[in-house]
Amino acid sequence: MQIVIVDGPRSYFDEQLPESDLKLTSLPRVARLVDDINRTLRIQHDDGSNIPKVDRSSITNKIVYARSNDYASISEHVRLNFAEFIDEIEPRSLYLHNPPRHIREQIKSAFNNVQITTYDYPKISEKNITKLKADFPTTVLGQETAMSSLLASFQTMLDLDNEKPLVLLFIGPSGVGKTETAKLISRIMGGKLMRKQFSMFQNERFASYLFGGGLSENSFAHDLLDRTSNVILLDEFDKANPIFHSAFYQLFDDGDFTDRNYSVNASRAIIICTSNYVSDNDAREKLGDPIYSRFDAVITFASLPTAVIQRLIETAVKERFEKTQAENATQLNKDRIIENLKSQANQFHNARRVKGFVNEYISLLKIKSISSSVNIK
């Protein structure tokens, strides 16, 4: 019997599945067929002398696979006695995607020659650093100091060539480019950014997510296993209750994370925590030394200067006109709108608010123009 354990994103697992004339069968489907057979075997004549013959060809000698979300849909009895269940169904091949720890341990203990293949996440390279240096100034405006610190952190990780993750704390006001920087890094490194918004988790829900609940519940470890990017964004990290900081110690130190169901290795990952702390000292005081000391660098994002806000205003107005060019071009004066809004640039301190205000401003002008043309007062 061939048994393959595949650790990594679903797309990588699907690539490992063999091309075969035999139809691949999912583990939950086989489990349901086994249940049906067992129910049939319990049907006997009244005197118990005959047991019906059952065709077991529907469950044996198959290529069986289980994706990471499939384990929750099989019965607890099967999960607890997984090795015996595999012996019963006698698959030709078995492919397991990110199996829970207790299933992994059963398989490795009961069977010989278990093959384990792990997705090779992209690592920081000179090419990545060069690309980041080229793209950062046009993607994240007004943050030259943050860019220099970030590039230095990347170069240090590349030079040291160790296995631990690069753990960064981004501090500064809301809407000045912290999250956009994480997205840029992920685009350069490849894969979809793994982003977790810590302000969305509170108390018991967060505890279950971090430490693991039932297999049917979402968890941080499961998300780490299924991620496609080696860039992990823990957004609004300062919103997490400090009692949960200890859950991240080992992850930040060496890339290992273990909960009730899974063990994950995220070595060489880039872990970015964002916060609205105003200074390095503020971050250290609020977070406390045990977690603060585990950041490889604290990168400060400054409030946006007026000149940058004006550039953002101009870009936002042009984008709005491009989307609705046919009707706006004849009714509204784009250059006048840009001039008027730029004069109000000192009212804004983050990029997120600029775009919303520009859209609202243009929409109100458009409504006023339409109302005047039909004599609505």
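Shape of the chain from its Cα gyration tensor (a ≥ b ≥ c, root eigenvalues): rounded if a/c is under 1.5, otherwise prolate when a/b > b/c, or oblate?
Prolate, because a/c is 1.5 or more and a/b exceeds b/c.
What is the magnitude of the charge dipole of the chain about its Cα centre, with +1 placed on the Cβ of each Lys and Arg, -1 on the Cβ of each Asp and Glu, and no other charges, expressed in debye to the nearest 20?
Around 1580 debye, computed over the chain.
Starting from the Cα of Lys318, draw a straight line to each of the aspartates and glutamates and keep only those under 12 Å, dropping any in the same chain fewer than 8 residues away.
Asp335
Cα gyration tensor of the stretch 146-196, axes a ≥ b ≥ c as square roots of the eigenvalues: rounded (a/c below 1.5), prolate (a/b > b/c) or oblate?
Oblate is the answer for the stretch 146-196, as a/c is 1.5 or above yet b/c matches or exceeds a/b.
Relative to the first principal axis of the alpha-carbon coordinates of the chain, what is the inclination of helix 101-110, with its axis defined by its Cα atoms, in degrees from 0 to 90 and to the nearest 10?
The angle comes out near 40 degrees.
Structure shown: which of Lys286/Lys355; Lys164/Lys355; Lys133/Lys164; Lys196/Lys286; Lys123/Lys323; Lys108/Lys183 lie over 29 Å apart, alpha-carbon to alpha-carbon?
Lys286/Lys355; Lys164/Lys355; Lys123/Lys323; Lys108/Lys183
Which shape class, rounded, prolate or oblate, goes with the stretch 213-330 when its Cα gyration tensor gives a ≥ b ≥ c as root eigenvalues, a/c under 1.5 marks rounded, and past that a/b bigger than b/c marks prolate?
Cα axes put the stretch 213-330 in the oblate bin.
Under a straight-distance cross-link criterion of Cα-Cα below 19 Å, which aspartates and glutamates are reachable from Lys23, leaving out those fewer than 8 residues away in the same chain?
Leaving aside aspartates and glutamates fewer than 8 places away in the same chain, those within reach of Lys23 are Asp14, Glu15, Asp55, Asp70, Glu90.
Solvent-accessible area per residue for the stretch 152-234 at a 1.4 Å probe radius, Å²?
That works out to 39 Å² per residue.
Amide H to amide H under 5 Å from Arg260: which residues, 5+ apart in sequence or cross-chain, H placed 1.01 Å off N in plane?
Here Gly212 satisfy the definition.
Between 0 and 90 degrees, rounded to the nearest ten: what's the tilt of helix 144-160 against the longest Cα principal axis of the chain?
The helix 144-160 is inclined about 30 degrees to the chain.
The values are calculated or read from the model by the stated rules, or taken from the named source; none is laboratory data. All values derive from a computational prediction rather than experimental measurement. Note: ideal-geometry Cβ built from the backbone for every residue, glycine included; neighbour counts use all protein chains shown. SASA here: full protein model, heavy atoms, side chains in, ligands and nucleic acids out. Shrake-Rupley method; radii C 1.70, N 1.55, O 1.52, S 1.80 Å.
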